[in-house]
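Beneath this line is the structure, given in structure tokens, with notes to follow.
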Amino acid sequence: MRNNKMPRKKIYSEPKRKVNLSLTETATKWLEEKRVQLTASSLSDVIERLARELPNNAING
């Protein structure tokens, strides 16, 4: 059966994949604080925004 939900607004042009994470309470609280500071809609949006702020050489080694 086909999913009748409305398609989600695409924010980033890259393909996405689902990832399950196990986080400590400390990490979860930190991400939640960052979510509020950045007015992000979700914790995954926080991670995406923070990753995009990193210098390219930090990501590429």
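Only one of the numbered conditions (1) at pLDDT 85 or above; (2) in contact with a helix residue (DSSP H, G or I) (Cβ under 9 Å, 6 or more places away or on another chain); (3) β-branched (Val, Ile, Thr) is violated by residue 36, and that is (2). Among the residues of the stretch 28-53, those that are in a loop (DSSP other than H, G, I, E, B) and within 10 Å of the chain's Cα centre (by Cα) comprise 40, 41, 42. Within the stretch 1-25, the set of residues being modelled with pLDDT of 60 or more and of a type in the set (S, T, N, Q) comprises 13, 20, 22, 24.
The values are calculated or read from the model by the stated rules, or taken from the named source; none is laboratory data. Values in this document were obtained by computation on a predicted structure and should not be read as measured data. Please note: Cβ atoms are built from the backbone with ideal geometry, for glycine as well, and neighbour counts cover all protein chains shown.
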